[in-house]
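Input: a single structure, listed below in structure tokens.
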Amino acid sequence: MSLQLWSNCRAATLQAGAAQPYGLIEDAALVVQGESIVWVGPRTNVPADLLARCTVQHDAGGTLITPGLIDCHTHLVYGGDRAHEFELRLNGVTYEEIARTGGGIASTMQATRAATAPQLQAQSATRLQRLIAEGVTTLEIKSGYGLALEHERKILSVARALGQAHAVDIRTTFLGAHAVPAEFAGRTDAYVDAVLEMLPVLHAEGLVDAVDAFCERIAFSPAQTERVFVAARALGIPVKLHAEQLSDSGGAQLAARYGALSCDHLEWLSAEGAQAMAAAGSVAVLLPGAFYFLRETKLPPVALLREHGVPMAISTDCNPGSSPCTSLLLMLNMACTLFRLTPEEALAGVTRHAAAALALRDRGVLAAGMRADFVLWGVEQPAELSYAIGANPRLQTVFKGQSI
């Protein structure tokens, strides 16, 4: 098979333990075969046998090349919007008060249930295209706005269809334990029973890559969450958790006991939770968009995560209620400005660590054997990607070895 050569570039490989920040290679070259990278390094070191087989050569024009960006926590498929609740919060009503009076997730559930699959796909495609336009090549989409088998199936099926219709890889996560629907009001345990009935059906239909839950005082207790995790483990499905967003419920420790891929939000994470995550190899997914949009003041304990060596990913948390955001580049800036991550930590958070949060070992860095997902940026330094607010310097995206 013929090879493609990409040269005249600077490559931020994001490889762990690299000698240079960002794993940066000056005057770099990448050799691509089919959907995979077969070689990356200094241009002058390209092996002669590979170079001779490079029948297609691309001049990258001195651009910066990074791995394709990965948005590892989204609720992208939903109906309607919650602009009215945004206005309520600015008039003094809290997120929890809105949720307790039938707003929040419940209102989005109603709009999502009312929408047809084609309507959901059309609305969600607009959001997806904005992410793709910023260099996103892999995306996670959670369910959790249907809260009944028919509608959870609809969301996950739309997510799969979006991946088939666009140049992006979509991973699906079943979040049936997101909220208690009105028909189960006051019967949370009974709704958990219903979630446990949905899970094997949706899994058998090939719609579930991971299982998530919202472990919080306005959602599900640790005991109820553990029932979901036990069921997921029985089916061999990896788990993740919305944990410690509004309070410290010990969710991180619970998730770690089940080898969770990630724990997400984590503003109230304790030292014990961080230690448990480190021991389990769980990724901390930080969501600055929700922190900003809800005007939170409790910062996630970034220093604690660094101290224990917990990898940190960054994501949009694209959702209608707390982070109606379709810009992963903006999240880079917010992670640095609000959470004080370094630009290198932030970029690793939407590449290498985001891949780990989705259990994807074939992307997130530029290296031989990795999938040929990468982005050409019109910048000189990697830090520019998190520095500029509202800028999109993407020039070109390569997805599975093909320019899009």
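The figures follow:
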quantity: Single residue of Arg363, Arg394, Arg340 found to be under 15 Å from the mean Cα position of the chain (by Cα), among the basic types (Lys, Arg) and modelled with pLDDT of 95 or more; calculated: Arg363
quantity: Residues located in the stretch 177-220, provided they are under 24 Å from Gly273 (Cβ atoms), outside any helix (DSSP H, G or I) and open to solvent by less than 40 Å² (accessible area, probe 1.4 Å); calculated: Ala177, His178, Ala179, Ala210, Val211, Asp212, Ala213, Phe214, Cys215, Glu216, Ala219, Phe220
quantity: Arg227 touching a strand residue (DSSP E or B) at 6+ places or on another chain (Cβ under 8 Å) and open to solvent by 30 Å² or more (accessible area, probe 1.4 Å); calculated: no
quantity: The one condition in (1) touching a Ser or Thr at 6+ places or on another chain (Cβ under 9 Å); (2) surrounded by 24 or more Cβ atoms within 10 Å (Cβ to Cβ) that Ala274 fails to fulfil; calculated: (1)
quantity: Residues of the stretch 324-338 satisfying the condition of being part of a helix (DSSP H, G or I) and out of contact with any strand residue (DSSP E or B) (no Cβ under 6 Å at 6 or more places or on another chain); calculated: Leu329, Leu330, Leu332, Asn333, Met334, Cys336, Thr337, Leu338
quantity: Matching residues, the stretch 165-176, being open to solvent by less than 20 Å² (accessible area, probe 1.4 Å) and in a strand (DSSP E or B); calculated: Ile170, Thr172, Thr173, Phe174, Leu175, Gly176
quantity: Condition met for Asp362 (touching a Pro at 6+ places or on another chain (Cβ under 7 Å) and charged (D, E, K, R)); calculated: no
quantity: Subset of the stretch 308-323 [open to solvent by 10 Å² or more (accessible area, probe 1.4 Å), closer than 12 Å to Cys263 by Cα and outside any strand (DSSP E or B)]; calculated: Pro311
quantity: Within the stretch 350-381, tally of residues that are open to solvent by 10 Å² or more (accessible area, probe 1.4 Å) and of a type outside the set (Asp, Glu); calculated: 17
quantity: Subset of the stretch 137-162 [out of contact with any Lys or Arg (no Cβ under 6 Å at 6 or more places or on another chain), assigned to a helix (DSSP H, G or I) and either open to solvent by 20 Å² or more (accessible area, probe 1.4 Å) or of a type in the set (Lys, Arg) (or both)]; calculated: Leu149, Glu150, Arg153, Lys154, Ser157, Arg160, Ala161
quantity: Unique residue being surrounded by fewer than 22 Cβ atoms within 10 Å (Cβ to Cβ), hydrophobic (A, V, I, L, M, F, W, C) and on the phi < 0 side of the Ramachandran plot when the list is Leu395, Leu347; calculated: Leu395
quantity: So Ala355, is it part of a helix (DSSP H, G or I), out of contact with any helix residue (DSSP H, G or I) (no Cβ under 8 Å at 6 or more places or on another chain), at pLDDT 95 or above and over 18 Å from Gln129 (Cα atoms); calculated: yes
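The values are calculated or read from the model by the stated rules, or taken from the named source; none is laboratory data. Keep in mind the model is a prediction, meaning the values are calculated, not measured. Because the Cβ atoms are built from the backbone with ideal geometry, glycine has one as well, and the counts that use them run over all protein chains shown. Surface areas here come from the heavy atoms of the whole protein model, side chains and all, with no ligands, DNA or RNA. Shrake-Rupley method; radii C 1.70, N 1.55, O 1.52, S 1.80 Å.
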